[in-house]
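What follows is one structure encoded as structure tokens, with my remarks underneath.
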Amino acid sequence: MLVITDIIRRQLPTFCEFFSFNAGRYGVQKMTLAHKTGQLLPAGLRAYLQPKYHWVREYFRLKKAGGRACFDKELSSWVAERPFAGRKNGMPVIVRSYKEFRRIVQFGGNKADIVHKWIHAIDDCDVFYDIGAANGLEGFLCRYLHGSKVCFVEPFTASIETIMRNVYFLAKRGSDPKDFEVVHAGCDTDSHFDRAYMLCVPKAGETQISFSDPDAYERRGRTFSPVVTQWIAGVSIDDLHYKYGIAAPTHIKIDVDGYEDKVIVGAKRTISSGIVKSWAIEITGEKNMTAIISAMKEGGYVEIDRWEHYPGLEARTFDVIFTKAEDADSLKKKIGEAAL
């Protein structure tokens, strides 16, 4: 059995490369063939090979997109580099789990993703606030494309560690670490301490996190029961700049899975000041949509585009782009012309 396993281990990349690039030629459904093939194997061998197949499959997808992956011994982490906007050099990101690796491979793969297009379009971005950063892909992409300063706000400890390693890696390549602010906190109406509810296994790559109110978490029509909690800081967008002195944002992305109504309450001063040129906000549910559109309208912002994530679900979720009324036509044109 050890000999057979070793042969399969050594031949797996060749099989996966052939499979990934030729399945379509023969009219074969990739996952169906992989699944059926797996069912023919003994359960133990299948359990051993399946995760390796998934890693290799995503690796060849990364290679096909012009990227590469290498291991950084100092950080004890893999680094995936993937080019965007036709650039030769890739954007490096630390990956510490299969989910983090899959996220960078699939990042921007949906051509209807307006947040991805928006990030490419905001070439006037000086300071980017990545609220609900997860492992920070949107913030790092903004840095990669426009040289922006970035403030990451994220409640999940494992994601914070991934972001910190990424900042360290970029600093080794010449970036100024002072251009990055990493805030381990839940974004809320005000600044305080409260529980972060992990509605998932506490490991890198997971994103099912709710701050302060676990019932506020909603994603893809599912809700979850808390698995473990951790006391962390809560912070408002207003306090990040006006109280704690972090550079004022010129662009803000918010992705907090149902908690965005509270985040917007904590950004009233920022909205009314007009310092933010445009916003990309993931909004779940009609109640949140009504409240956020009203707050934005009061601050002089208009909606210029939206994209529905999961059509057909009862709790509808949209990415919505807001900008100042006088900039609406210009930004909409830039988004439409964005070179992905």
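Give the distance, in whole Å, between the Cα centre of the range 266-340 and the Cα centre of the range 109-136.
Measuring centre to centre over Cα atoms gives 13 Å.
Could you run the Karplus curve 6.51 cos²θ - 1.76 cosθ + 1.60 with θ = phi - 60° over the range 163-170 and give me ³J(HN,Hα) per residue in whole Hz, x for Gly and Pro?
The phi angles translate into 4, 4, 5, 5, 4, 4, 4, 5 Hz.
If neighbour count is taken as other Cβ atoms inside 10 Å, put CYS151, CYS187, CYS70 in order from fewest to most.
On the way: CYS151 24, CYS187 28, CYS70 9.
Exposure proxy ranking, most exposed first: CYS70, CYS151, CYS187.
Using 0.36 nm times the number of residues separating ASP123 and ASN89, minus their current alpha carbon distance, what extension gain do you get? Each step should come with its number before you reach the end.
Working: separation 34, 0.36 × 34 = 12.24 nm, distance 1.84 nm.
Length difference between fully extended and current span is 10.4 nm.
From the phi angles alone, apply the Karplus equation (6.51, -1.76, 1.60; θ = phi - 60°) to the range 151-156 and give each ³J(HN,Hα) in whole Hz, x where the residue is Gly or Pro.
10, 8, 10, 8, x, 8
Quick one: net charge of GLY136's neighbours, Cβ under 12 Å, K/R +1, D/E -1?
Net charge around GLY136: -3.
Which lysines does LYS324 reach when only Cα atoms under 24 Å apart count, and residues fewer than 8 places away in its own chain are ignored?
LYS117, LYS149, LYS253, LYS262, LYS268, LYS277, LYS287, LYS297, LYS332, LYS333, LYS334
Residues with amide H under 5 Å of TYR301's amide H, sequence separation 5 or more or different chain, H placed in the peptide plane at 1.01 Å from N; which?
none
Any aspartates and glutamates with Cα under 18 Å of the LYS63 Cα? List them, leaving off those in the same chain fewer than 8 positions away.
Answer for LYS63, where 18 Å is the Cα cut-off: GLU17, GLU81, GLU100, listed by chain and number.
Go through the range 110-122 residue by residue and turn each phi into a ³J(HN,Hα) via Karplus (6.51, -1.76, 1.60, θ = phi - 60°); whole Hz please, and just put x for glycine and proline.
8, 5, 8, 5, 6, 5, 4, 5, 4, 4, 5, 7, 8
Looking only at the range 167-186, which residues have a backbone nitrogen under 11 Å from a spot 7 Å from the Cα of GLU74 in the C-beta direction?
168-174
Here, each number is a calculation from the coordinates, and none is a lab measurement. None of these values were measured; they are calculated from a predicted model. When we count neighbours, we look across all protein chains shown, and the Cβ atoms used for this are built from the backbone with ideal geometry, even at glycine.
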